[in-house]
1. Would you please name the residue that is most open to solvent (accessible area, probe 1.4 Å), looking only at residues in region 58-90 that are among the charged types (D, E, K, R) and in contact with a Phe, Trp or Tyr (Cβ under 8 Å, 6 or more places away or on another chain)?
2. Are there any pairs, at least 6 apart or on different chains, whose C-beta atoms fall under 8 Å, with the first in region 240-253 and farther than 15 Å from Gly31 by Cβ and the second among the aromatic types (Phe, Trp, Tyr) and crowded, with 19+ Cβ neighbours inside 10 Å, and if so, which?
3. Applying the selection to region 53-90, what residues are without any contact (Cβ under 8 Å) to a residue 40 or more places away in the chain, within 30 Å of Ser116 (Cβ to Cβ) and part of a loop (DSSP other than H, G, I, E, B)?
4. Give me a count of the residues in region 202-213 that are touching a Ser or Thr at 6+ places or on another chain (Cβ under 8 Å) and either free of Cβ contacts under 8 Å to residues at least 40 places away in the same chain or open to solvent by less than 10 Å² (accessible area, probe 1.4 Å) (or both).
5. Scan region 1-44 residue by residue and report those that are at pLDDT 50 or above, of a type outside the set (S, T, N, Q), assigned to a helix (DSSP H, G or I) and farther than 30 Å from Phe218 by Cα.
6. Looking at (1) open to solvent by less than 20 Å² (accessible area, probe 1.4 Å); (2) under 24 Å from the mean Cα position of the chain (by Cα); (3) of a type in the set (Val, Ile, Thr), can you tell me which one Ile160 breaks?
7. From the list Thr97, Thr103, Thr179, which one is of a type outside the set (Asp, Glu), more than 31 Å from the chain's Cα centre (by Cα) and exposed (fewer than 14 other Cβ atoms within 10 Å of the Cβ)?
8. Among (1) polar (S, T, N, Q); (2) out of contact with any Leu (no Cβ under 8 Å at 6 or more places or on another chain); (3) crowded, with 17+ Cβ neighbours inside 10 Å, which single condition is Ser227 missing?
Amino acid sequence: MHNPSRSLALAAMLACSLSAQSPWGFGAKFGVAPTVGTPGEQRNRGSVLCAFQGERRLAGRGTVFAELTYRYYRSVQFEATRFGTGFAPDGTAGQITKWAFDTAAGLPRADGRYDSVDIRKSMLEGMGLQVGYRHPLGRSIWSLQAGVALNALKSTQEVIGSLKVVRNREAATPTVLATEGMLQSVSTSSLRPGCFTGVRGDLASNLFVECNLSLATFAEVNYLPSSYTGRPAATESRNRTKTSLEFNAGLRF
């Protein structure tokens, strides 16, 4: 008489055997990746990373792999006011100042009438594709890995503030050449190359940890108000590089 339980057990054993023999593997990982060096316009070193991975063992001991990644760089607000020379829309030069100066006391004096402030938050996130090669270190659990990347990152800048361009700031009634309010959100996207290198430790057959040094290039958007240039308000794109030290933990399916 046919025994269903026995058949299921045999099928499960066969599936496990085939899975163990298969050169293909899949997994997912998640980690944190603080910025190395200056944090740039994000003004924060923190970032997070998650990825789905596919890999194939080669005839030797090495493994090639590809990863679809998502990165999010944390950001904080900061003051970006360019105090000093400012311009009216017609190009007339004046001053962008935060404080009045009390000549009698020899000290700055805030009066709130002609103060300027430019508050910004620069955000960065996006997807990427990484392709690499991994080779074990002897018979240990550790392997060296390295590869190249193609990152599609979106840079967004939020701007809020008010700028005043004045003349004779120390006078009782300065001449106001221009007043410019700002409430903007501008963005740009870029597709740029990157690279990474690091180590991976296989703690168990389905559990691993990684430490990688990664480099990503991207285009960063920046808003230019009229008061800084004397020309109509515009945006510019600047080439930037992010170097991160990644600490990841992952599961192999």
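The values are calculated or read from the model by the stated rules, or taken from the named source; none is laboratory data. Note that this is a predicted model, so its numbers are computed, not measured. We place every Cβ from the backbone using ideal geometry, glycine too, and count neighbours over all the protein chains shown. What goes into the accessible areas is simple: the full protein's heavy atoms, side chains included, and nothing from ligands, DNA or RNA. Shrake-Rupley method; radii C 1.70, N 1.55, O 1.52, S 1.80 Å.
1. Arg82
2. Arg240/Phe218; Thr241/Phe218; Lys242/Tyr73; Lys242/Phe218; Arg252/Phe208
3. Within region 53-90, Arg74, Phe83 meet the criteria.
4. So the first thing to find is which residues in region 202-213 are touching a Ser or Thr at 6+ places or on another chain (Cβ under 8 Å), and the list is 202, 212-213.
Remaining after also requiring either free of Cβ contacts under 8 Å to residues at least 40 places away in the same chain or open to solvent by less than 10 Å² (accessible area, probe 1.4 Å) (or both): 212.
Summing the residues that are touching a Ser or Thr at 6+ places or on another chain (Cβ under 8 Å) and either free of Cβ contacts under 8 Å to residues at least 40 places away in the same chain or open to solvent by less than 10 Å² (accessible area, probe 1.4 Å) (or both) in region 202-213 gives 1.
5. Selection gives Arg6 alone.
6. (1)
7. Numbers: Thr97 fails: exposed (fewer than 14 other Cβ atoms within 10 Å of the Cβ); Thr179 fails: exposed (fewer than 14 other Cβ atoms within 10 Å of the Cβ).
When all the criteria are applied, what remains is Thr103.
8. Ser227 satisfies every listed condition except (2).
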